[in-house]
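Just so it is clear, none of the values below were taken in a lab; they were calculated from the coordinates. A quick note: this is a predicted structure, and the numbers were derived from the prediction, not measured. Positions of Cβ are generated from backbone atoms using ideal geometry, with glycine treated the same way; all protein chains shown enter the neighbour counts.
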Amino acid sequence: MTGRTASDAAGSAASAAAPGGLLRAYEAASMYYVQGETMEVIAHHLGVSRSTVSRLLARARQEGVVRVSLVQPGGAGSLEGRMAQVFGVRTHIVPVREGTTEIHRLQQVASVAAAHMVDLIETLAEQSGSAAADAAGQDVGAGGVVVGVAWGTTMSEVSAALPSRSVPGLTVVQLNGASDPVREGPSAGEVLSRMRLSLGARTISFPVPAFFDHVATREAMWSERSVKRVLSVARRASLAVFGVGALDALNGALPSQVYEGGHLTSRDQTVLRRQNVVGDVCTVLLRSDGSWRDITLNARATGPTPAQLARIPRRLCVAAGTGKARALLAALRARTATDLIVDDATARAVLELAEARGQTGGGSR
């Protein structure tokens, strides 16, 4: 458009960002995505510049007015279809270019996972109806949506990628014991803080270590009222979100904080390898066949077991990197997840491992 001054352009930008601009963002998005109009036509219709239309469309995406859904072609023959058929899990495949660094691979997967997590939360909030409003004066988590989250490198990236979206009545509770605050690396507090800021959630930490040194100490702590209160809220969760830890960082995989963060001694890790442990979910250790009950160190672990996780209706697992393929296969065999966000290379690696070993499920042993 000709004849526009700098003040005109500034006014258009301010209009796009103003609270009332959300209605204009909706109108612009409707014309662009539904009616198929060009930005030039939309600009003329709204009496703004093309750059303002671009800002309106960007705001429509950021505010959730527009949601993008990609459906991978191929049906049952696609990676998503094969994962669903073999493991019975709703799978969202994130295509990642070959040669991408592991941290960038994780960030791409985490970005998709964060958006999917918010979609699940909003769906659950809609299903709960007025429960959050009715929860006033009740215990935390008695009304509204309760989401249980783990901590670690993957969850740190997921929390960093969360869009800004306020969900009334949302409670986020930490599922497993926290990382040691004196150690470097992602912390549970960091994950909870980001979720509080991004989603307007009330957050509940779980102030116990990832693993206790002694079984008796864990048993004593589980009888404390403060711990019982956290566990009670966690039992009300309708969604759990977690990553997968791999005991051995293969194929250049990012190290798992559970094994690299000093939470287990070298003697502990020797015992884990002797018992054929390949990884963990929520710090509960797993073998490649998904079994976990007779792994001795699990008596000192603070996270929910696969059996306890199974009581949560939706369980979103996030994994990136072929170095986690064995651990992810164990997690899927343990039936820890109902939903999975994973990159394409890792999904293929998991399917190849499953086919080579001729088994897909188990985990109760």
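Over the stretch 18-63, what is the relative contact order in percent, taking alpha-carbon pairs closer than 8 angstrom and at least six residues apart?
45 percent
With Cβ to Cβ distances under 14 Å as the rule, what net charge do the other residues near Met117 carry (K, R +1; D, E -1)?
Net charge in that neighbourhood comes out at +2.
Got the relative contact order for the stretch 293-349 handy, in percent, Cα pairs under 8 Å and 6 or more residues apart?
This gives 40 percent for the stretch 293-349.
Compute the signed sum of charges (Lys and Arg +1, Asp and Glu -1) over the other residues within less than 11 Å, Cβ to Cβ, of Leu170.
+2
What ranking, highest mean first, results for peptides 105-115, 334-344, 212-222 when packing means the other Cβ atoms within 10 Å averaged over each residue?
Ranking the peptides 105-115, 334-344, 212-222 by packing returns 334-344, 105-115, 212-222.
May I ask you to compute the full-extension gain from Ser30 to Arg274, defined as 0.36 nm times their residue separation minus their alpha-carbon distance, rounded to one decimal in nm? Write down the numbers at each step before the final one.
Details: separation 244, 0.36 × 244 = 87.84 nm, distance 5.94 nm.
Gain on stretching Ser30 to Arg274: 81.9 nm.
Distance between the C-alpha centers of the stretch 192-214 and the stretch 272-298? Whole Å please.
Measuring centre to centre over Cα atoms gives 24 Å.
Would you kindly calculate the translational diffusion coefficient of the stretch 18-63, applying Stokes-Einstein with the Kirkwood radius from alpha carbon pairs, for 20 °C and a viscosity of 1.002 mPa s, and quote it in µm² s⁻¹ without decimals?
The estimated diffusion coefficient comes to 213 µm²/s.
Mind checking the dipole of the stretch 18-63: about its Cα centre, +1 per Lys or Arg Cβ, -1 per Asp or Glu Cβ, Debye to the nearest 20?
Dipole of the stretch 18-63, to the nearest 20 debye: 160 debye.
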